[in-house]
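I have placed the structure first, in the form of structure tokens, so that the comments after it can refer back to it.
No lab work stands behind these numbers, since they all come straight from the coordinates. As the structure is a computational prediction, the values presented were derived from the model and not from experiment. Don't worry about glycine lacking a Cβ; one is built from the backbone with ideal geometry, like all the others, and counts go over all protein chains shown.
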Amino acid sequence: MYTGPCNFRCPFCHNPQLALGQITPVSQESLLTTISARLGFVDGVVITGGEPTLYSDLGNFIAIIKNMGLSVKLDTNGSHPEILQKLLADNSLDFIAMDIKTSWSKYQMAAGVEVDINKLSRSIDLIKESGIDFEFRTTCVPSLVDENDILEISKLIGKENKYTLQQFSPHSTMEPAYGNIEPYPREMLLYFADIVRINAGNCRLIGI
């Protein structure tokens, strides 16, 4: 399930219409009807964005889904730790995935807006301490993410945490100039993964 808009403006975002809220909204009733019709065929719902934690009533919606007997995975950029904290306290989530765009020093450039790093750090800590399944992930965008950034992120998330590196796709990007950036070669992503495994222990590569 996709939500829009997003409070970030990542220049490499591959779904700018969703991030900007330029989508046709669907009512909650319609969504729940669709989910109900699939009971027995699916065992969970992924809530992604945009940025789902922009919605103050997210917890109520998740509670309805959970009452249907379904698991819930949440994708977030980590900008609203207070929402994450409440969802976790209410046992609303079964899995969390958080994007870590790059190292803190480059974050504003990667997010396209001013970012409160303390809030992101708080979200990371909440997720690590949550006791539920989770992963952190980074899209490896040349100029925004290099080996030093990967090293910093892997130290930040700590040993034995799940970390995914994703290949950058230069298609339909928020900033057209990013459509001209050549993705890293496969060998570079493998090198990044080796850096991660020294510090975080667990790394998955996708899109290569």
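Return Phe168, Phe95 ranked ascending by Cβ neighbour count within 10 Å, so the fewest neighbours appear first.
Working: Phe168 22, Phe95 16.
In order of increasing Cβ crowding within 10 Å: Phe95, Phe168.
Given a 10 angstrom Cα cut-off, can you work out which residue in Tyr184, Tyr107, Tyr163 is the most mobile in a GNM of the chain?
Judging by the Gaussian network model, the answer is Tyr184.
Short version: ³J(HN,Hα) in whole Hz for each residue of region 5-18, in order, from phi by Karplus 6.51 cos²θ - 1.76 cosθ + 1.60 (θ = phi - 60°), x for Gly and Pro, what are they?
So the Karplus estimates, Gly and Pro as x, are x, 10, 8, 9, 10, 4, x, 9, 3, 8, 9, x, 4, 5 Hz.
What does the net charge come to around Pro16 if you take all other residues with beta carbon closer than 12 Å to its beta carbon, with K and R at +1 and D and E at -1?
Net charge in that neighbourhood comes out at 0.
Quick one: Karplus J couplings for region 85-100, per residue in order, coefficients 6.51, -1.76, 1.60, θ = phi - 60°, nearest Hz, x for Gly and Pro?
4, 5, 4, 5, 4, 8, 6, 7, 10, 10, 7, 10, 10, 10, 7, 10
What does the helix-only formula give at 222 nm for the chain: each DSSP H stretch with n ≥ 4 adding -39500 (n - 2.57), the total divided by the residues, and the result rounded to the nearest 500 deg cm²/dmol?
-10500 deg cm²/dmol
Calculate the translational D of region 9-73 in whole µm² s⁻¹ from Stokes-Einstein, where the hydrodynamic radius comes from the Kirkwood formula applied to all Cα pairs, the temperature is 37 °C and the viscosity 0.692 mPa s.
Translational D for this selection: 247 µm²/s.
Would you mind checking the tilt of helix 58-67 against the longest principal axis of the Cα atoms of the chain, expressed as 0 to 90 degrees and rounded to 10?
Helix 58-67 sits at roughly 60 degrees to that axis.
Averaging over all projection directions, find the projected area of the Cα convex hull of region 151-208 and quote it in nm² with one decimal place.
Result: 4.3 nm².
What is the order of Ser154, Ser105, fewest Cβ neighbours within 10 Å to most?
Ascending Cβ contact count within 10 Å gives the list Ser105, Ser154.
Using alpha-carbon pairs under 8 Å, 6+ residues apart, how would you state the relative contact order of region 77-208 in percent?
25
(1) 11.5; (2) 12.3; (3) 10.9: which one is mean projected area of the Cα convex hull in nm² as calculated from this entry?
Matching entry in (1) 11.5; (2) 12.3; (3) 10.9: (1).
For the chain, take the longest principal axis of its alpha carbons; what is the angle in degrees between that and the long axis of helix 117-128, to the nearest 10 within 0 to 90?
Here the helix axis deviates by roughly 70 degrees.
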